[in-house]
Structures are given as C-alpha cells and as structure tokens.
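Report on the following structure.
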Amino acid sequence: MDNVVCLLCNGEERRLQIGSIKPDILGQLFNLVPHTIMLMDADLIVLVQNTEHSGFDGMLAHREPFTVLGSGVVLTMPVSSTPVSVGNARPPIPPPFGVVPGARTGIPPPGVRFSRRQASTRPATPEQLTKTIKVYHFEKGVRGGLKPARGMANIVVTEAECNINDLNAKLRQKPGFEECEIADKFGIVIPNDESTRDSSFWFFNQKQAGNATRYFALRKTAPRAGAAESSDDSVDEEVVTSAAGRKRRMSEKAIVKGVAKKMQRDRDQQEKATLEAVDAIRTPLRNTLRCTVCMNVSKEPCVCKSCENMIGCYACIEQWAATNNTCPLHRCDWDLALGAGFMKTRISFESVPGLYE
C-alpha cells in the first residue's frame, strides 16, 4: 500500500501507516524517548519533528526505508526484599550499603535531623572590634599643596583609640613616620577636639563607609631657635603661605595678561576681516550707485520707470526733471501724464563705511 512505510531500528523492522508515525508511538514501539526521535531516509537525509512534536513533515518527499534514531529509555529494576543470586553475582547489601561501622556516612538515624551547620560547643568569646586606617606619607609642596612621597602605614585601632592623640602615637611607631602627624587631603592637620574624639568621625563600625576618605602623614615643622614653639609654627605657616600666595598671584597676572592679548588679537583679526569684506564690495557698489548728474555716489537713489535702471540722487534727478522729460541715462521719454518718470527707492547705503567719502 502507498501509505505504509518501512521503519528500521537496531535491526528491527516495522511497517506502519504514515498517519501512525508519531514520536509517542515510535517511542513505545522501539523503547525510545519520544522528544529525541529523528528519522533518516535511504538517502541519509534526517527528518526532525515538527514544532508540535506530533509527527514528521514531508515524509512523502523522501525514500524509504526510514531508520529511527533517538535516545533509549533507561529501565529501572525494582528492588526486591529477597536477595537474588545470579551466577557469581554478590547479593545486595541492605542500608547503610556495607559502610564500615563508626564511619561518617552523612545519613542520620531515623528520627534525628541535623542542620547544615552544627552549633559550636565552645563558649562564645566576644571579639573586640577594630578598624584599619590607611595613612599615606605626603609632604607639603612649594605652593602649600601636597607633594607625594613613598610610604603608607596601616593603623589598627579600637573604638576607644579613635582620637587624634592615640592615632598620632601609633603612627609615630611605624618606621619612617617618627615625626609625622595625621592631616586631611588638603594638608590641614586634624585637631584634637570633640568631633575628632568621636568614633563616628573615623567611620568606626560603619562597614564600607569612609573607605574613600584618605588620610596623610605630614612631617611636623621644626621650631626655630630663640622663639617660642607656638609662634614658630605660625611664622613658618605665614612664610610658606605668603611665598605661595605671591607665586600664585604672579601666575594669575600672567594668565590674565595672556588672555587680554589673545582677546585683543582676535578683535584685530575680526576688524581686519570686516574691512577686507567692505573693500571687496565698496568699488562695485560705487559704480552701481554713481549718479548720472553729479557723478557721485547717489544719496536716496532713484530708478527710471521706463528703463528700470539706477539713474542718480533724488535731489539731482528732481532738478533734472524740472527742465527735461527724458531719462538722463538712456534718454527714454517719460510720460508726464502718468506722473514723474522716476521714483525714489527705499534702499539706504549710508551704513556702509567709507562709501560716501
């Protein structure tokens, strides 16, 4: 029959109608997983299942026999309570599957449940919280800023030690930081006051907060001989500040002077470009606006109604029309019955610099 197809699978041959060739039916016949079944025709062309997994499209366009391909179903044997001996096979061992007595199997006895983490039997000892403060070794530059130097110290402190005196004492115990004190990122030494004696100022016990805060170690200024220590520090600070201020003011003046020169140069270039543009149009404009009577640049230019050309100044053409009824440029007749033969334009060129000189 035409609608019967030959199927082969692992040497087994079956003949089925085309309407019965479905993944579920083939899986039961050949003991295969239905969604993994494919067909291969006599020309070694593979046919896959359609999107609905209800069959194989286009089987009539291929030649039989079709070979059934797919994954086999894993059979599970039922566990019998009585041992079965087949040949020299070892009988199954009941749970816990022959484990050595006393070994840890991970299988709790019936009625006992363990959590994933067993509670420790050791007495809990409270751990003292600490914080590590990183202090970078920097020095003051010429202009009062911070000049980078090599070295970094890690200071481990408790909450009671979060004050500037204890921190400076721990810092001076580090090699290379014997004469240093802690300052902020602007190079200002951190004072010992109520705010710095609070542990929250140093972000104690605040997890990731304050990790971006940077502390720097600055070398203390040595006192000058013959003067009090307090006054020496202030004098040195004033000298450094005044020198840095003078250099800063000098640099600012140089910047202002350079900016002023650049602005003046830009203005000169713009004026030069404007004059060149005016010169480029001034000569042809003078020739176009030249009056036919006074031969100068026309003021309040007039146009002839007959020839429609620029003929001259309004005052000059009005004086010309008092004694003549023709165009002064092309001598064309003016029909005085319809009014004057010329008219004044509304165009003004007085804003063009140097045009009427």
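The values are calculated or read from the model by the stated rules, or taken from the named source; none is laboratory data. Bear in mind the structure is a predicted one, so any value in this text is a computation, not a measurement. Heads up, the Cβs are rebuilt from the backbone with ideal geometry, glycines too, and the neighbour counts pull from every protein chain shown. Accessible surface is based on the protein model in full, side chains and every heavy atom, while ligands, DNA and RNA are left aside. Shrake-Rupley method; radii C 1.70, N 1.55, O 1.52, S 1.80 Å.
At-a-glance table
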read-out: Computed FRET value (nearest 0.05) for Ile255 with Cys307, which takes r as the C-beta separation and R₀ as 51 Å; value: 0.20
read-out: Solvent-accessible area per residue, Å², over segment 252-357 with all protein chains present [probe radius 1.4 Å]; value: 72
read-out: Spin-label pair Thr196/Arg15, simplified geometry with 7 Å Cα→Cβ offset, distance in nm; value: 10.3
read-out: 15 Å beta-carbon shell around Thr67, net charge (K/R +1, D/E -1); value: -2
read-out: Net charge of neighbours whose Cβ lies under 11 Å from the Cβ of Ala160, counting Lys and Arg as +1 and Asp and Glu as -1; value: -2
read-out: Mean Cβ neighbour count within 10 Å, used as a protection proxy, ranking 50-56, 165-171 highest first; value: 165-171, 50-56
read-out: Computed label-point distance, nm, for sites Arg172 and Leu44 using a 7 Å Cα→Cβ extension; value: 8.9
read-out: FRET efficiency, Lys344 to Glu276 (Cβ-Cβ, R0 22 Å, nearest 0.05); value: 0.10
read-out: Within segment 251-348, trypsin sites (Lys or Arg not before Pro) in DSSP loop having at most 13 other beta-carbon neighbours inside 10 Å; value: Arg331, Arg346
read-out: Net charge of Cβ neighbours under 13 Å - reference Met310; Lys, Arg +1; Asp, Glu -1; value: +3
read-out: Distribution of pairwise C-alpha distances over segment 269-357, 10 Å bins, in %; value: 17, 44, 23, 11, 4, 0
